[in-house]
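Trainee: Pasting a structure here, questions to come.
The values are calculated or read from the model by the stated rules, or taken from the named source; none is laboratory data. Predicted model only: the values in this text are computed from it and were never measured. A quick note on method: Cβ atoms are made from the backbone with ideal geometry, for glycine too, and the neighbour counts reach across all protein chains shown. All accessible areas refer to the heavy atoms of the entire protein, side chains included, with ligands and DNA or RNA removed. Shrake-Rupley method; radii C 1.70, N 1.55, O 1.52, S 1.80 Å.
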Amino acid sequence: GRLVAGLAKTRKNIVSGFESVFSGFSRIDDDFYEELEEILIMGDIGVRATEEILDSLKEKVKENKIKDPADCKELLIDSIKEQMNVGDTAYRFEDEKSVVLIIGVNGVGKTTTVGKLAGKLKSQNKKVIMAAADTFRAAAGEQLHEWANRAGVDIVGGQDGADPAAVVFDAVQAAKARKADVLLCDTAGRLHNKKNLMEELKKINRILEKEYPEAYRETLVVLDATTGQNALVQAKQFSEAAEITGIVLTKMDGTAKGGIAVAIHSELGIPVKYIGVGETIDDLQKFDADQFVDALFD
Ligand code: GDP
C-alpha cells in the first residue's frame, strides 16, 4: 500500500531493471552477474553491499544447483535481506519513558521529522514534549514551534543562539514536571565542526544521564535519501560523534535511488527506523527491511 507508493520512483528504477535481467538472460554467467551488479550500484546500494550480495547469491546458486536465471530472483531477495538484518530494530521509545535525540545537518528534513514523529506519538495518546535545541540554525526554533502547534504538543526553548544543552536541561525539567512519555530533542548537526558537535552531544548526554536517568535514550540521525552516497558519509561521521541507535531516511518519495537504505544497513550496521515519504505530518512510515526489499521486487 503506502510503502509501495512512497517508493514509486525507486521501484520503477530497480524493479524494471531486475525484471529485464531475470527474463533477458538464458543462462547464469558472468554477464548476468555483471548486469545485476550494475542495477544494484545504480540504485545506490553501494559497492560493498553489492559485492556481498552478489557473493552470497553466487553461493546460493551453487548450493542449490540453480541453472535458470529466473530462479535467482528469490535467492537475490534473500541475499539483500541478509545485508539489512542488522542492529536493534525495536521502537522502545514507544513503550517506555524516553528521550529521543534527533540529529542531522541543515536541510535534510530534521525539523519536519521531529514534527511528524510528534504527531505519530501524539496519535498514540502519548504525552510528548519537544525541545528546540537546534539553536544554531536561524528560525529553526520558530519552524519547530509551528510543528508543535500542528501536532498539538508542548515545546520548550527556541531562542536563536541559546545553549543547546541548557535548552535540553529545561526541557527535561518540563518533561518530569508534566510527566511526559517522550521528550523529542531537535539538536544541531554541525558536521563541518566535528569537535564542537561531539562536545555538544557529550554535554547533552551528560545532562540526560544526570537529570533523566530513568528515561530510555534513542539517538536518531536524519539523512536525505536524495543525496545518495553523501548521506552515507554523513551517517559515518555522526556515528563517530555519538552512539546512533537508528536512522531516519527522508525524501524517499523524491528519489529513484532508495537502495541507499541497503547501503546504510550494510556499511554502518545501524537500522533505518523510519522513512519520510512526503511533506505532511502523516508522511513518516516505520521502516521494515523485509517489506522494503519485497516492495522492490514486487
Ligand atoms: P532541516 O533543515 O533538516 O530541519 O529540514 P526541514 O525539516 O526544514 O526540511 C527541508 C525541506 O525538506 C522542507 O521543504 C521539507 O518540507 C522537505 N522535506 C522533509 N522531509 C521530506 C520528505 O520525506 N519528503 C519530501 N518530499 N520533502 C521533505
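Trainee: Is the range 73-86 home to any residue that is touching a Pro at 6+ places or on another chain (Cβ under 7 Å), more than 13 Å from the ligand (Cβ to nearest atom) and over 18 Å from T280 (Cβ atoms)?
Mentor: Step one: of the range 73-86, the residues touching a Pro at 6+ places or on another chain (Cβ under 7 Å) are 86.
In the following step, the residues that additionally are more than 13 Å from the ligand (Cβ to nearest atom) were identified as 86.
From the residues that got through so far, the ones that are over 18 Å from T280 (Cβ atoms) too are 86.
Checked the range 73-86: at least one residue is touching a Pro at 6+ places or on another chain (Cβ under 7 Å), more than 13 Å from the ligand (Cβ to nearest atom) and over 18 Å from T280 (Cβ atoms).
Trainee: Same structure, new question: State all residues of the range 93-122 that are away from the ligand (no atom under 16 Å from the Cβ) and either over 14 Å from D154 (Cα atoms) or in a loop (DSSP other than H, G, I, E, B) (or both); if no residue qualifies, say none.
Mentor: Step one: filter the range 93-122 for residues away from the ligand (no atom under 16 Å from the Cβ), giving 93-99, 121-122.
Within the range 93-122, F93, E94, D95, E96, K97, S98, V99 meet the criteria.
Trainee: Something else about it: Whether any residue in the range 31-54 is at pLDDT 95 or above and among the small types (G, A, S) is what I want to check.
Mentor: no
Trainee: Let me ask you something else. Tell me yes or no: at least one residue of the range 49-58 is under 24 Å from M252 (Cβ atoms), of a type in the set (K, R) and touching a residue at least 24 places away in the same chain (Cβ under 8 Å).
Mentor: Looking for residues that are under 24 Å from M252 (Cβ atoms), of a type in the set (K, R) and touching a residue at least 24 places away in the same chain (Cβ under 8 Å), one finds none in the range 49-58, hence no.
Trainee: What's the number of the only condition in (1) open to solvent by 70 Å² or more (accessible area, probe 1.4 Å); (2) at pLDDT 95 or above that T113 fails to meet?
Mentor: Failed condition: (1).
Trainee: Same structure, new question: Of all residues being touching a Leu at 6+ places or on another chain (Cβ under 7 Å) and at negative phi in the range 132-167, which is surrounded by the fewest Cβ atoms within 10 Å (Cβ to Cβ)? Just the residue, please.
Mentor: Filtering the range 132-167 for residues touching a Leu at 6+ places or on another chain (Cβ under 7 Å) gives 132, 155, 158.
Remaining after also requiring at negative phi: 132, 155.
Working: A132: 29, I155: 24.
Result: I155.
Trainee: Consider the range 260-282. How many of its residues are under 19 Å from G6 (Cβ atoms) and crowded, with 20+ Cβ neighbours inside 10 Å?
Mentor: Filtering the range 260-282 for residues under 19 Å from G6 (Cβ atoms) gives 260-265, 271-282.
Filter once more, keeping what is crowded, with 20+ Cβ neighbours inside 10 Å: 260-265, 271-277.
The number of residues fulfilling the criteria is 13.
Trainee: Are any residues in the range 108-131 more than 20 Å from A177 (Cβ to Cβ) and touching a residue at least 40 places away in the same chain (Cβ under 8 Å), and if so, which ones?
Mentor: Of all residues in the range 108-131, those more than 20 Å from A177 (Cβ to Cβ) come to 108-117, 119-120, 123-124.
Answer for the range 108-131, where residues must be more than 20 Å from A177 (Cβ to Cβ) and touching a residue at least 40 places away in the same chain (Cβ under 8 Å): V108, G109, K110, T111, T112, T113, V114, G115, K116, L117, G119, K120.
Trainee: Sort through K251, K257 and tell me the only one that's open to solvent by 40 Å² or more (accessible area, probe 1.4 Å), touching a helix residue (DSSP H, G or I) at 6+ places or on another chain (Cβ under 8 Å), at pLDDT 95 or above and farther than 16 Å from N85 by Cβ. First the steps, then the outcome.
Mentor: On the way: K257 fails: at pLDDT 95 or above.
After ruling out the rest, the residue left standing is K251.
Trainee: Go through the range 95-107 and give me each residue that's within 17 Å of the chain's Cα centre (by Cα) and at pLDDT 95 or above. Please lay out each step first, then the result.
Mentor: At the first step, the residues of the range 95-107 found to be within 17 Å of the chain's Cα centre (by Cα) are 100-107.
Of everything in the range 95-107, those that are within 17 Å of the chain's Cα centre (by Cα) and at pLDDT 95 or above turn out to be V100, L101, I102.
Trainee: Here is a follow-up. Return the total of residues in the range 138-153 being at pLDDT 95 or above and either under 18 Å from R178 (Cα atoms) or assigned to a loop (DSSP other than H, G, I, E, B) (or both).
Mentor: Of the residues in the range 138-153, 5 are at pLDDT 95 or above and either under 18 Å from R178 (Cα atoms) or assigned to a loop (DSSP other than H, G, I, E, B) (or both).
Trainee: Another question, if that's okay. Can you pull out the residues in the range 17-34 that are open to solvent by less than 80 Å² (accessible area, probe 1.4 Å), assigned to a helix (DSSP H, G or I) and not aromatic (F, W, Y)?
Mentor: Let us first name the residues in the range 17-34 that are open to solvent by less than 80 Å² (accessible area, probe 1.4 Å), namely 17-18, 20-22, 24-25, 28-29, 32-33.
Now restrict to residues that are assigned to a helix (DSSP H, G or I): 17-18, 20-22, 24, 32-33.
G17, S20, V21, G24 - these are the residues of the range 17-34 that are open to solvent by less than 80 Å² (accessible area, probe 1.4 Å), assigned to a helix (DSSP H, G or I) and not aromatic (F, W, Y).
Trainee: Which is touching a Phe, Trp or Tyr at 6+ places or on another chain (Cβ under 8 Å) and more than 23 Å from K251 (Cβ to Cβ), of R27, R92?
Mentor: Values: R27 fails: touching a Phe, Trp or Tyr at 6+ places or on another chain (Cβ under 8 Å).
Unique residue meeting the criteria: R92.
Trainee: Taking the range 35-45 only, how many residues are open to solvent by less than 60 Å² (accessible area, probe 1.4 Å) and more than 22 Å from V272 (Cα to Cα)?
Mentor: To start, the set of residues in the range 35-45 that are open to solvent by less than 60 Å² (accessible area, probe 1.4 Å) comprises 36, 39-40, 43-45.
Going one step further and asking which of them are more than 22 Å from V272 (Cα to Cα), we end up with 36.
Count: 1.
Trainee: Can you tell me how many residues within the range 122-139 are of a type in the set (G, A, S) and touching a strand residue (DSSP E or B) at 6+ places or on another chain (Cβ under 7 Å)? Spell out how you get there, then give the answer.
Mentor: Within the range 122-139, the first condition is being of a type in the set (G, A, S), and the residues that meet it are 123, 131-133, 138-139.
In the following step, the residues that additionally are touching a strand residue (DSSP E or B) at 6+ places or on another chain (Cβ under 7 Å) were identified as 131-133.
Counting residues in the range 122-139 that are of a type in the set (G, A, S) and touching a strand residue (DSSP E or B) at 6+ places or on another chain (Cβ under 7 Å) gives 3.
Trainee: I've got another one for you. If you take the residues in the range 75-104 that are among the polar types (S, T, N, Q) and open to solvent by 70 Å² or more (accessible area, probe 1.4 Å), which one is nearest to Y274 (Cα to Cα)? Spell out the reasoning first.
Mentor: So the first thing to find is which residues in the range 75-104 are among the polar types (S, T, N, Q), and the list is 79, 83, 85, 89, 98.
Narrowing the set further to residues that are open to solvent by 70 Å² or more (accessible area, probe 1.4 Å) leaves 85, 89.
Numbers: N85: 15, T89: 10 Å.
Only one residue tops the list, namely T89.
Trainee: So which helices (runs of 4 or more DSSP H) stay within the range 219-298 end to end and still have 2 or more residues that are within 16 Å of the ligand (Cβ to nearest atom)?
Mentor: Of the helices (runs of 4 or more DSSP H) lying wholly inside the range 219-298, those with at least 2 residues that are within 16 Å of the ligand (Cβ to nearest atom) span 229-241, 260-268.
Trainee: If I filter the range 136-150 for residues that are more than 11 Å from the ligand (Cβ to nearest atom) and either of a type in the set (V, I, T) or without any contact (Cβ under 8 Å) to a residue 12 or more places away in the chain (or both), do I get at least one hit?
Mentor: Within the range 136-150, one or more residues are more than 11 Å from the ligand (Cβ to nearest atom) and either of a type in the set (V, I, T) or without any contact (Cβ under 8 Å) to a residue 12 or more places away in the chain (or both).
Trainee: Give the residues of the range 1-16 that are in a helix (DSSP H, G or I) and either of a type outside the set (G, A, S) or open to solvent by less than 50 Å² (accessible area, probe 1.4 Å) (or both), sorted by residue number.
Mentor: Step one: of the range 1-16, the residues in a helix (DSSP H, G or I) are 2-6, 8-16.
Matches in the range 1-16: R2, L3, V4, G6, K9, T10, R11, K12, N13, I14, V15.
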